[in-house]
Amino acid sequence: MKILVTVKQVAALDDEFEMRDDGRDVDEDFFEEDLNEFDHYSVEEALLIKEAAGDDAEVVIVTVGDEDTDDALRTALAKGADRGIRVWDDSLADADGVAIARVLAKVVEREQPDMVFTGAQSSDFGSAVTGMALAGLMGWPHAAVVCALEYSPGDNTATLRRELEGGLEEIMTIRCPAVLSIQLGINEPRYASLRGIKQAKQKPVDELTLDDLGLSADSIAPASRVRRMYAPEKGQAELITGSAAEQASRLAEIIKELRGM
Amino acid sequence: MASKRPEKYDILFEPIKIGPKTMRNRFHQSPHCIGAGTDRPGFQAAHRAVKAEGGWGAINTEYCSIHPESDDTMRVSARIWDAGDVRNLRAMTDAVHEYDCLAGIELWYGGGHAPNMETRHTARGPSQFVSEFETLTYCHEMDEADIKQVQQYYVDAAIRSRDAGFDFVNIYGGHTYGPLQWLSPYYNRRTDGYGGSVENRGRFWVEVLEKVKKAVGDDLAIASRFAIDTLIGPASVEVEEDGIKLIKMADDLVDVWDINVGDIAQWGEDAGPSRYYRQGHQIPWQRFVKQNSKKPVLGVGRFTDPEKMAEVIRNGELDIISAARPSISDPFLPQKIEEGRLDDIRTCIGCNVCISRWEIGGPPMICTQNATAGEEYRRGWHPERFEKAQSDDTILVVGAGPAGSEAARVLMERGYVTHLVDSAEKIGGHLNDITTLPGLGEWGYHRDYREVQLDKLVKKQRDSQVSLGAKRLTADDVLEYGAEKVIIATGSSWNTDGVNALTHDVVPGINASRPDQVTPEQIFRGEKEIGKRVVILNADTYFMAPSLAEMLSGKGHEVTVISGVELGHYMHFTLEYPNMRRRLIEMNINVIGDAWASRVEEGRIEYYDIWAEGSRREYRGPGKLPRDENRSHQWLEFDTLVLTTGRHSDDGLYRELMARKDEWAKNDIKGVYVIGDAWAPKLMADSTFDGHRIAREIEDDEPQLPLPYKREVSVWGTAFQPDGEHRQEWRS
């Protein structure tokens, strides 16, 4: 029995920051890096299942990132996960969620887990794509934004609740193996103990390349590309008042201004 | 990322000329007591020099007596009576001059407020009066020869100040000391050339300034501290009357004015506690001086925020920011502003616990925020620098209140991998409740500073961690946590059974599990409904009972306090007492003092006068009291009984871990220690000290107990006076 949890090291910004020279991201000197907040919950959910099963389950943490992202991996291992996998190739530097999902799909094929958990989204980019793309690539059942889960190792199905719009929740049963993206608040994530942190340093972490997974750089070409990242100028809001005609005319002016007409 | 200070603060860093001297910026450490005086020159030098290093442009002594006729024993002043004092004060000026900082001395002649309990002199004043501040202290009315003699004391002291290396002398007329007693008709009832008109009442002050200026004015800057309004109306000095008149009379004789308000008997109106006064609270009086003077003006007002400091200078209300308490709380305040590190400022909380030690008379100053204050010389603690960790031991701190958060902060500063764990969602422990009490919001700066610093430290040191909202750790959890050293900082709670300082016993019928009886914690948690008629049974000597009385009265409850100890006794020392009493009266809170409870029944409490047991004491045999039976008991009804009878340590976790010492080795635990209220309930300043101290001494053989500190006491075999004789010399 094995649960695979995909995690991401995310970047939080300092109060003041500068953009990278190519204008496509923030200069990494201004990042504070940490394990994605959502992933604390997905890791905890896996650990709770493992513990409820009398530890008769393996929790494997996988991330895609350079060696700096070992911190995120070790954070998850310190909480009690069994081992880690880190995949990296410089060609992944601009990878989007779909490209990452292609890499993760190969890891899933290799590991053959009974269940895959991802965070509902990453707190830095927030695309909420990776988990569902992974399920699509695998052809596995999936559920996004899971806020409650009943599942024991060996079960053929899991019963879960997921959050919908307008405060609605949906109860569903899903065939396993499946990919579930886990929502904040599903549990109370634990803190690592000092013992956990010390033990995490000894736990095995496989470092894999694209070659190891049988992938070429071409096969993980991102589906999207960031052209420019910028901080929008503040103070652009304007409340348009007056009669309908006046409002329409002011709106037309603004549109012309913005389009440089 | 290092950031630069905002340009709007540049005004705080403009140099300013003061007579023959130039101050490098606008940060002036106001004269303030620390308990060092002249007798502990190492303490004096190190404490002041740390501030010079931290960027203050000028540093002062505390009040410094000019002559044995002005002796404030047991309170500790500095003294500049003779060559021995000059030598000892030289340690301070030399240390301060290591940095680009001026050294000032506040020349104090206490007059009618000086008790002279050590020197046994008789102080002289403008008229004979009995001090409203000091017990049993009368002064002798000066004649003209006396006046010339006392004025010469100032001159001689100023010359000795120059010998000691000071850059400026401050003729101290604040807090109704020295020349202010002459100006104020409250003290000065003379009818000669020194009494009557403001010109006559100001003459003593003007003459002192003339003589001091003549003697040392070419070399030293002359400052004068002036309480511009003594806050008792026309009976004494009012700012727009005698205040600005004296400024005009003496303006040519000073190089800088040092302006405050108030008197000595209620000097909490000057050193305003945050409970009652915000920063800049004296500006409505101070601002008149710049309108009537050609000289730079400096003034205090617990300025903690550079925004406010720059504002009062831009507004033309002051030229220089003077600060005592903010400089104690953060000796590096100017440097942090200069470097734009505003979130590193350890902001003064305005609790006045620093002042309390001077008021108590004798003990060295302590600070709630800055545990290193007063420990610079004797323990070698620098406020901003820490000794590197001396081992790879990891440390678990249980409890993130004032003690635990300070311990974790200092351990992380030293480089120890440290985990701080608390079941609460926020750092601060019981402080998070206290800050909700009337007027105590600013005490939250203590928590905020540690919260910000810990947040930065755990980012720098990834294996360290602050675990908030965590499940309460059991002894098993702690044993298995994986830390080599464990510090327990689990705080204290209010007694639920009435155990108290008077009887050391429970009060029958007191039981905080009942719906109509509450501890402070139960009030903060809002877990019980509070009835209309509230009785607070108190045997605590600090703020909790008066604060709860004020809070509950403000919510419409009818409050009576039965107190077995003087209500808010410690608030005399923090200068909060006078306004606390005024507030109780304003809010119709009934205080039954010198009373304790014999029993409680549903809806009523029986109390008695603690002195009603007869003054005759005689032996009456075993099992019998040596005094008469107390028959003063009476009943009082309540809807809710609030219990501030005493506190006890929450040390269950510590005790269990100590009992399971045989399990330490197999869990790689080297030591378990207890600090703060969990060790014994104490002032927040002392809890913070505990946390700081154990973090500084964690690798020692017995970290539970403090290391010896460097003592400064008289050394037998050496005379204090350079040409003196230490051996006994009888006059016979």
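A simple packing score, the average count of other Cβ atoms within 10 Å per residue, orders the peptides B:292-300, B:609-617 as B:292-300, B:609-617, with the highest score first. One decimal place: the segment A:Ser91-A:Val205 gains 38.9 nm when fully extended, by the rule 0.36 nm per residue minus the C-alpha distance. Averaging Cα coordinates gives a centre for region B:459-528 and one for region B:687-732; these two points are 36 Å apart.
Compute the acute angle (0 to 90°) between the alpha-carbon long axis of helix A:37-52 and the principal axis of greatest extent of the alpha-carbon atoms of chain A; round to the nearest 10°. Helix A:37-52 sits at roughly 20 degrees to that axis. Model label sites at B:Arg604 and B:Arg631, defined 7 Å from Cα along the beta-carbon direction, differ in position by 2.0 nm. For the cross-link pairs B:Lys211/B:Lys295; A:Lys201/B:Lys336; A:Lys2/B:Lys666; B:Lys471/B:Lys528; B:Lys426/B:Lys460, the ones whose C-alpha atoms lie over 28 Å apart are A:Lys201/B:Lys336; A:Lys2/B:Lys666. Of the Cα atoms belonging to region A:2-220, the radius of gyration and Dmax stand at 16.9, 52 Å. Binning the alpha carbon pair distances of region B:571-667 at 10 angstrom intervals from zero yields the distribution 11, 22, 24, 21, 15, 7, 0, expressed in whole percent.
If you take the Cα centroid of region B:623-684 and the Cα centroid of region A:144-177, the two points sit 49 Å apart. Mean partner shielding of peptide A:186-194, defined as the number of other chain Cβ atoms within 10 Å of each residue Cβ, is 5. Taking a straight line from the alpha carbon of B:Lys213, these aspartates and glutamates sit under 20 Å away, with near neighbours fewer than eight places off in the same chain left out: B:Glu106, B:Asp156, B:Asp163, B:Asp167, B:Glu199, B:Asp251, B:Asp252, B:Asp255, B:Asp258. Tilt of helix B:544-554 relative to the longest C-alpha principal axis of chain B, in degrees (0 to 90, nearest 10)? Rounded to the nearest ten degrees, it is 90. Sorted largest first, the principal axis extents computed over the alpha-carbon atoms of the protein assembly as shown equal 107, 90, 77 Å. For region A:1-105, the Kirkwood radius over C-alpha pairs fed into Stokes-Einstein at 37 °C and 0.692 mPa s yields D = 220 µm² per second. Annotation: extensible slack from B:Lys388 through B:Glu725 equals 116.8 nm (criterion: 0.36 nm per residue apart, minus Cα-Cα distance). Computed from the C-beta positions of B:Asp100 and B:Asp251 and an R0 of 22 Å, the FRET efficiency is 0.20 to the nearest 0.05. Once the Cα-Cα distance is subtracted from the 0.36 nm per residue extended length, the A:Ile240 to A:Arg110 segment shows a gain of 40.9 nm.
The B:Val715 and B:Asn590 beta-carbon pair, evaluated with R₀ = 56 Å, returns a calculated FRET efficiency of approximately 0.50. What the Cα convex hull of chain B gives, in volume per residue, is 202 Å³.
Label-to-label distance for B:Lys670 and A:Glu188 is 3.3 nm, based on points extended 7 Å past Cα in the beta-carbon direction. With angles folded into 0 to 90 degrees, how steeply does helix A:244-259 sit against the dominant principal axis of chain A? Use alpha carbons for both and round to 10. It works out to around 70 degrees.
Placing a pseudo-label 7 Å from each Cα along the Cα-to-Cβ vector at B:Arg581 and A:Arg20 gives an inter-label distance of 6.9 nm.
Every number here is computed from the coordinates shown, using simple stated rules; none is lab data. What you are looking at is a predicted structure, and each value in this text was computed from that prediction instead of being measured. As a convention, Cβ positions derive from the backbone with ideal geometry for all residues, glycine included, and neighbour counts pool all protein chains shown.
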